[in-house]
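As structure tokens, the structure follows; a few thoughts come after it.
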Amino acid sequence: MRIFSGTAHPTLAEGICSFLGEEQGKLVVEKFPDSETKVQILDDVRGLETFVAQSLARPVNESLMELLVITDALRRASARSICAVVPYFSYARQDRKHKGRVPITAKLVANLMTTAGIDRVLTMDLHATQIQGFFDIPVDHLFSSPVLLEYLETLSLVNPVVMAPDIGSVKMADSYAKKLGAELAIVEKRRVADSEVEVGHVIGDVKNHDVVIIDDMISTAGSISSAINIAKNQGATRVFAVATHGVLVGESYNRLREAAPDEVIVTNTIPLQVKPEGFELKVLSVSGLLGEAVMRIHRNESVSRMFV
């Protein structure tokens, strides 16, 4: 087994290798003067099971292209198998045609990864779980819930309520509510643009409760900031904003600063490029979770049993 890393999130790959007690594979990733990606694998990988850790984070297209080029280099170097460890799968929100003459880009990315020579994909908390079906190769879909729940249980939540910031997050919120022994609340909203939402009302009672708002990602923070404001306006005691992927782009930092939750909690599937000011941000590591999955794949053991 040999684990390689792209340049998108090298510290996460280091964490996976540290968990496994494995030395990271050596490769060189450079740019030609015209910005083309250039890759050379420095280790002999002939006949080896290989893993490439590359979160498809900003810059998204560069990270994706880099993953494809590394894959092609490994395939031409006669690696026995190539598993892409992609904690954050970009383009996941483009999973269907919501209006005429638009692409289904998530499917296109799946096709590109398969054509490049990837044999297996290991990812985490997909925005749309049906994306697993876009691949004609095995997909292991992990959940960050063990890591997030372990931390939430240290907060001594009083009368906890788990709130879904929109209808699409209800299933995820309900799962967390059951595991925390909490009530469930739902924010009814309508999306009026890609980064703008119109909030309706709340289904459920949050007054005098500690509220945990859960979603798969915080991108521009429009939905989750609105949910924070609603919870606080309706008398919540404390409000925690929780998500697997801290994309945090655009006005996200300003919106979270203005909403002022007690804490924002994300995992390290995406490297944070800006240090937050004006609000508390907790970043939890999923290196151990990914490392355990990699080890189980290597040993031909069940990955799904990690979440039983």
### Summary
For region 51-79, pairs from a residue that is among the charged types (D, E, K, R) to a residue that is outside any loop (DSSP other than H, G, I, E, B), with Cβ under 6 Å and 6 or more apart or across chains, are Glu66/Thr37; Asp72/Ala116
### Query
Can you pull out the residues in region 34-65 that are crowded, with 21+ Cβ neighbours inside 10 Å and part of a strand (DSSP E or B)?
Thr50, Phe51, Val52, Ala53
### Task
Can you tell me which residue within region 82-103, out of those that are farther than 21 Å from Ile218 by Cβ and of a type in the set (Gly, Ala, Ser), is surrounded by the fewest Cβ atoms within 10 Å (Cβ to Cβ)?
Gly100
### Summary
Residues of region 104-159 being aliphatic (A, V, I, L, M), under 22 Å from Val69 (Cα atoms) and surrounded by fewer than 21 Cβ atoms within 10 Å (Cβ to Cβ), in sequence order, are Leu108, Leu112, Ala116, Ile137, Val139
### Message
Any residue that is closer than 29 Å to Asn159 by Cα, among the polar types (S, T, N, Q) and not in a strand (DSSP E or B) - is there at least one of those in region 255-267?
### Response
no
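Pick out, from region 82-168, the strands (runs of 3 or more DSSP E) lying fully within it that include 1 or more residues that are in the same structural domain as Asn268 (by TED's automatic domain parsing) and more than 17 Å from Thr269 (Cα to Cα). Can you show your working first?
Values: elements: 120-124, 139-142, 161-164.
By residue number, 161-164.
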### Message
Suppose the filter is free of Cβ contacts under 8 Å to residues at least 40 places away in the same chain and either closer than 26 Å to Thr11 by Cα or not acidic (Asp, Glu) (or both); does Ala106 pass it?
### Response
yes
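The values are calculated or read from the model by the stated rules, or taken from the named source; none is laboratory data. Just so you know, these numbers come straight off a predicted model, no measurement behind them. All Cβ positions, glycine included, derive from the backbone under ideal geometry; neighbour counts span all protein chains shown.
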